[in-house]
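Trainee: Dropping a structure here in structure tokens format, bear with me for questions.
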Amino acid sequence: MKGYLANGLFTIGDRIVNDLISEQIRRDFKDIKLYVPQENDDINNKDAFADSLMIFEADKKELMASDFLIAVIDGVEIDSGVAAELGMFATTGKPIFALYSDVRQQGRENRKKISALIADGTENQFAYRNLFVIGLIKKSGGGIFSEIEDLSKAIADFLD
């Protein structure tokens, strides 16, 4: 069984999140081979050289050979590389498990927040994700999770 972890990889925050997710998945599933692009030094050692075609071909090979995708959809906007990987992987019909950890998901039942939004559209206390991308993830049969542990449980359910 193969999985692919899609997230940014250039900031310390992204690399830490990738490490947390990959450690959890590898701890929970000994027989899953998880591809994490930041671990591929052939294309991501920034002291070396890899052009756009080398990066695309290496990651595409792993992405398309995977049985599921884990995509981190945090940030002001979904990382452009993650969005491309989501779109490409969606053509396989295989499940996508997304991590969306934005704390603005909390308090959805708070009536003051809802009333403020109704009264003034600029008082949006909630986060927004592109609905086409959300639909793509939901349609895949995977799901969207706020916690790494919940994401791992969903992968376990998929494997059962």
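Trainee: Please arrange SER146, SER22 by counting, for each residue, the other beta carbons lying within 10 Å of its beta carbon, fewest first.
Mentor: By the 10 Å Cβ count, ascending, the order reads SER146, SER22.
Trainee: Would you calculate, for the chain, the mean residue ellipticity at 222 nm contributed by helices, counting each DSSP H stretch of 4 or more residues as -39,500 (n - 2.57) and dividing by all residues, to the nearest 500?
Mentor: My calculation for the chain gives -14000 deg cm²/dmol from helical runs alone.
Trainee: Now a separate question. With a 10 Å cut-off between alpha carbons and a GNM built on the chain, which of GLY81, GLY141, GLY121 moves the most?
Mentor: Looking only at GLY81, GLY141, GLY121, the biggest GNM fluctuation is shown by GLY121.
Trainee: Now a separate question. Give the angle, between 0 and 90 degrees and rounded to the nearest 10, that separates the Cα long axis of helix 52-64 from the longest principal axis of the Cα atoms of the chain.
Mentor: Roughly 80 degrees, rounded to the nearest 10.
Trainee: Right, here's the next one. How about the range 64-160: which trypsin sites (Lys or Arg not before Pro) there lie in a loop by DSSP and see at most 12 other Cβ atoms within 10 Å?
Mentor: Hits after loop and neighbour filter: ARG108.
Trainee: Further question: So, in the range 1-133, how many Lys pairs have Cα atoms under 25 Å apart, if the pair is 8 or more places apart or on different chains?
Mentor: Lysine pair count for the range 1-133: 16.
Trainee: How about the range 2-96: which GluC sites (Glu not before Pro) there lie in a loop by DSSP and see at most 12 other Cβ atoms within 10 Å?
Mentor: Counting only loop positions with at most 12 other Cβ atoms within 10 Å, the GluC sites (Glu not before Pro) in the range 2-96 are GLU77.
Trainee: Normalised by the number of residues in the range 17-160, what is the relative contact order in percent for Cα pairs under 8 Å and 6+ residues apart?
Mentor: Normalised by residue count, the contact order of the range 17-160 is 22 percent.
Trainee: ALA98's amide H: which non-local residues (gap 5+, or another chain) put their own amide H closer than 5 Å, with H modeled 1.01 Å from N in plane and none for Pro or chain starts?
Mentor: Placed amide hydrogens put ALA71, GLY143, ILE144, PHE145 under 5 Å from ALA98.
Trainee: Send over the semi-axes of the range 100-160's equivalent ellipsoid, whole angstrom and largest first, taken as the square roots of 5 times the C-alpha gyration tensor eigenvalues.
Mentor: Values for the range 100-160, descending: 29, 14, 8 Å.
Read-outs throughout are calculated quantities, based only on the coordinates presented, and are distinct from any laboratory measurement. Note that the structure is a prediction, hence the values are computed from the model and not measured. Neighbour counts run over all protein chains shown; Cβ positions are idealised from the backbone, glycine included.
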